[in-house]
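Chemist: Pasting a structure here, questions to come.
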Amino acid sequence: MNTVYIVMPAYNEETNIKDVVQTWYPVLEGKSRDSKLVIADSGSTDATHSILTAMQEEYPGLKILSETAKQHGPKLIALYQYAIDQGAEFIFQTDSDGQTSPDEFESFWNLRKKYDAVLGYRKVRGDGKSRAFVEQVVCFLLWMFFGVRVPDANAPFRLMNTGLVKKYLGRLPLEYNIPNIMMTTFFVYYNEKVHFKKITFKPRQGGVNSINIPKIVGIGWQALHDFRQFRKGMK
């Protein structure tokens, strides 16, 4: 049986986190006993951390990373590195806000031997037209800077062979804001065995999204600079 680490960043998700753990934890059934559900929660100012800690007795495969940076991107990088260091064979990343469905995991898992990465794409988004527009702009910029065409660069529903993640993770600064976008770009640019598969994407189930439009604009301006720098180092 293969070892998979399901990894999630979390920040102020007290209204979602219990249900998210309860619905995603059963996905570990039928996998190696070393498989884990790993949630990076640092910086939360609500009850997220205490809820997670209390759940560990009932869910022994639940691991909490509490020493990461506060921001979403660095948390993802820390989660990926942790899974690599612990010897996971596969890494599955999603978010802790309840917008994705564990019912769709198995169809991704069944493709793990055929592709090195199976990445979700959101044809219909439940989080608003502005978010969908931002994603369209990102995909256009990736085509303009790197010549890659992808249907969705940043969907938080991705199953990846750990070796593939390790191959590219070191190219990213530890504090990088949008690691999933650049990992997607690397995978496609270097012709890795990648498959995009449609997923459903529900409205946020509760809590407050920490990434608002002004923050997106700021991240976008920085991304333009970062894309230029990454492009210079890509052959």
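The values are calculated or read from the model by the stated rules, or taken from the named source; none is laboratory data. Computed from a prediction, not measured in an experiment: that's the story for all the values here. Here the Cβ positions follow ideal geometry from the backbone for every residue, glycine too, while neighbour counts run over all protein chains shown. For accessibility, only protein heavy atoms count, side chains too; no ligands or nucleic acids. Shrake-Rupley method; radii C 1.70, N 1.55, O 1.52, S 1.80 Å.
Chemist: Restricting attention to the range 121-164, which residues are among the small types (Gly, Ala, Ser) and over 21 Å from Asn2 (Cα atoms)? Steps first, please.
Modeler: Quick first cut of the range 121-164, residues among the small types (Gly, Ala, Ser) only: 126, 128, 130, 132, 147, 153, 155, 163.
Gly126, Gly128, Ser130, Ala132, Gly147, Ala153, Ala155, listed by residue number.
Okay, residues lined up against (1) in contact with a Phe, Trp or Tyr (Cβ under 9 Å, 6 or more places away or on another chain); (2) open to solvent by 60 Å² or more (accessible area, probe 1.4 Å); (3) of a type outside the set (Lys, Arg); (4) modelled with pLDDT under 95:
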{"position": "Ala132", "(1), (2), (3), (4)": "no, no, yes, yes"}
{"position": "Cys139", "(1), (2), (3), (4)": "no, no, yes, yes"}
{"position": "Phe146", "(1), (2), (3), (4)": "yes, no, yes, no"}
{"position": "Pro151", "(1), (2), (3), (4)": "yes, yes, yes, no"}
{"position": "Arg158", "(1), (2), (3), (4)": "yes, no, no, no"}
{"position": "Asn161", "(1), (2), (3), (4)": "yes, no, yes, no"}
{"position": "Met183", "(1), (2), (3), (4)": "yes, no, yes, no"}
{"position": "Arg204", "(1), (2), (3), (4)": "no, yes, no, yes"}
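Chemist: Are any residues in the range 165-181 closer than 19 Å to Val4 by Cα, open to solvent by 50 Å² or more (accessible area, probe 1.4 Å) and touching a residue at least 40 places away in the same chain (Cβ under 8 Å), and if so, which ones?
Modeler: Lys166
Chemist: Right, next: Within the range 85-103, which residues are under 15 Å from the mean Cα position of the chain (by Cα) and closer than 23 Å to Val188 by Cα?
Modeler: Residues satisfying the conditions are Phe90, Ile91, Phe92, Gln93, Thr94, Asp95.
Chemist: How many residues are among the polar types (S, T, N, Q), in a loop (DSSP other than H, G, I, E, B) and either touching a Pro at 6+ places or on another chain (Cβ under 8 Å) or touching a residue at least 24 places away in the same chain (Cβ under 8 Å) (or both) when one looks only at the range 41-57?
Modeler: 3
Chemist: Would you please name the residue that is farthest from Leu28 (Cα to Cα), looking only at residues in the range 89-127 that are hydrophobic (A, V, I, L, M, F, W, C) and open to solvent by 10 Å² or more (accessible area, probe 1.4 Å)?
Modeler: Kept after step one, since they are hydrophobic (A, V, I, L, M, F, W, C), are these residues of the range 89-127: 90-92, 105, 108-109, 111, 117-119, 124.
Among the residues that remain, those that are also open to solvent by 10 Å² or more (accessible area, probe 1.4 Å) are: 90, 109, 111, 124.
Numbers: Phe90: 12, Trp109: 11, Leu111: 16, Val124: 27 Å.
Filtering the range 89-127 for residues that are hydrophobic (A, V, I, L, M, F, W, C) and open to solvent by 10 Å² or more (accessible area, probe 1.4 Å), the one farthest from Leu28 (Cα to Cα) comes out as Val124.
Chemist: With the requirement that a residue be modelled with pLDDT of 95 or more and in a loop (DSSP other than H, G, I, E, B), what does the range 58-80 give you?
Modeler: Hits for the range 58-80 are Glu58, Tyr59, Pro60, Gly61.
Chemist: Let me spell it out: the conditions are (1) of a type outside the set (S, T, N, Q); (2) within 18 Å of the chain's Cα centre (by Cα); (3) part of a loop (DSSP other than H, G, I, E, B), and Leu37 meets all of them except one. Which number is the exception?
Modeler: Going through the list (1) of a type outside the set (S, T, N, Q); (2) within 18 Å of the chain's Cα centre (by Cα); (3) part of a loop (DSSP other than H, G, I, E, B), Leu37 breaks only (3).
Chemist: Here's another thing I want to ask about it. Can you say whether Leu28 is open to solvent by less than 40 Å² (accessible area, probe 1.4 Å) and either in contact (Cβ under 8 Å) with a residue 60 or more places away in the chain or within 18 Å of the chain's Cα centre (by Cα) (or both), as far as the supplied structure shows?
Modeler: yes
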